[in-house]
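Structure record follows, encoded as structure tokens.
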Amino acid sequence: MRLGIVGLPGSGKSTIFQALTGSKFEQGAHKGSHITTVQVPDQRIDALKELFKPDKTVFARLEYLLPSGTRSYVPGGQSDESFWSEARPCDALIHVVRNFHQPGGEDPHPRDDFLKLETDMIFADLVVVERRIERLDQDKKRGKESDAEERQLLEACLSMLEAQNPLRDDPGLATAHQLKGYTFLSAKPLLLLFSNDDEDKGLPAWDGSPELSNALVIRGKLEMELSELPPEEAAEFSAAYQIEGFARDRVIRHSCNVLGLISFFTVVNNEVRSWMIPRGSPALEAADVIHSDMKRGFIRAEVIPCEDLLSAGSYQNAKKEGKVRLEGKTYIVQDGDLITFHFNV
């Protein structure tokens, strides 16, 4: 799964990307896009490692993309589709908004800045919808039949976008299978991330949508410097600035949440591994994430919540205590399940 990091010029998105991924490049001078894969930290993996003493431990991973170039916002201007082309294939977006003072003392205007880029995404999607509807109208004149349901969905998108509303406000429309190929920007799950001054840990004053229930604050420059330090120095640095836990871990955790992902675990061939799947996925789809043969020859799944296993002290004890269950194809996997799949092909 990939998340694109976007924001207005000067918002601090390059700094955030470096703090998050450990990448290094000159500020404002990166050429081309940057894609980095990061491990998803999970204390349950560490606990399972202590329990099973495996030869290998594998964490789930996410990808972060910093698109090339910048988007120069011009009020009333045309949307720059070339800027958005790299972000469109992403599964979700992290919108970085400046909430720090620039050299010279210019005050931040986070809500105004958010709305500028949000409006640009809405306009970019509107252009795509209008062009597609125009094409469908032309096909109709030529006697070519079109998908009535797709047309209806596009008309619904047109209505929302013309009203300056992002498509994510209608979850059913945003996730409609027939519209998946359009990769609408405003339909993507969004994590709002405020880049603050070094001494500022609070959310900015905010009046209006979206609600800040899915927003994070990160002291970008501070966290970038922290990510470059050896562990002992990083600990001292964190204490001095009252930093509780690395922002990197918080952003990754919220990235999983905004994508609607949960983790399950396997212990096979002396390897402990975490996997991520969409929340609400059945056991059959979890098996497919590991290997298509496992899905094709699925027989059953042995399931135990990770906390129950750790409480029992061993897998053998957990079985004796009746905490290991046998589940079928339709079992909905829960976050933290340890699963042993039985299959035959």
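Per-structure values
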{"quantity": "Count - residues of the range 161-201 that are in contact with a Pro (Cβ under 8 Å, 6 or more places away or on another chain) and assigned to a helix (DSSP H, G or I)", "calculated": "1"}
{"quantity": "Of all residues making up the range 129-149, the number that are within 19 Å of TYR182 (Cα to Cα) and either in contact with a helix residue (DSSP H, G or I) (Cβ under 7 Å, 6 or more places away or on another chain) or surrounded by 11 or more Cβ atoms within 10 Å (Cβ to Cβ) (or both)", "calculated": "11"}
{"quantity": "Output for the range 171-206, where each listed residue is surrounded by 14 or more Cβ atoms within 10 Å (Cβ to Cβ) and among the basic types (Lys, Arg)", "calculated": "LYS188, LYS201"}
{"quantity": "Residue list for the range 290-315, filter: farther than 15 Å from THR340 by Cβ and among the hydroxyl-bearing types (Ser, Thr, Tyr)", "calculated": "SER292, SER311"}
{"quantity": "Pair list, Cβ under 7 Å, 6 or more apart: the range 13-25 residue within 10 Å of GLU228 (Cα to Cα) and assigned by TED's automatic domain parsing to the domain that holds LEU117, other residue part of a loop (DSSP other than H, G, I, E, B) and not aromatic (Phe, Trp, Tyr)", "calculated": "GLN18/LYS24"}
{"quantity": "Test: residue in the range 238-251 that is crowded, with 19+ Cβ neighbours inside 10 Å, more than 20 Å from PRO41 (Cα to Cα) and not acidic (Asp, Glu)", "calculated": "no"}
{"quantity": "Hey, GLU307 exposed (fewer than 14 other Cβ atoms within 10 Å of the Cβ) and at pLDDT 95 or above or not", "calculated": "yes"}
{"quantity": "Residue, nearest to HIS109 (Cα to Cα), within the range 197-213, restricted to residues that are in contact with a strand residue (DSSP E or B) (Cβ under 8 Å, 6 or more places away or on another chain) and of a type in the set (Asp, Glu)", "calculated": "ASP197"}
{"quantity": "Among (1) in contact with a strand residue (DSSP E or B) (Cβ under 6 Å, 6 or more places away or on another chain); (2) more than 18 Å from THR330 (Cα to Cα) - the single one LEU226 does not satisfy", "calculated": "(1)"}
{"quantity": "All positions within the range 20-37 that are touching an Asp or Glu at 6+ places or on another chain (Cβ under 8 Å) and modelled with pLDDT of 85 or more", "calculated": "ILE35, THR36, THR37"}
{"quantity": "Among the residues listed as SER227, SER186, the single one being touching a helix residue (DSSP H, G or I) at 6+ places or on another chain (Cβ under 9 Å) and either among the hydrophobic types (A, V, I, L, M, F, W, C) or more than 23 Å from GLN102 (Cα to Cα) (or both)", "calculated": "SER186"}
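The values are calculated or read from the model by the stated rules, or taken from the named source; none is laboratory data. Owing to the predicted nature of the structure, the values given are computational and were not obtained by experimental measurement. FYI the Cβ positions are ideal-geometry reconstructions off the backbone, even for glycines, and counts take in every protein chain you see.
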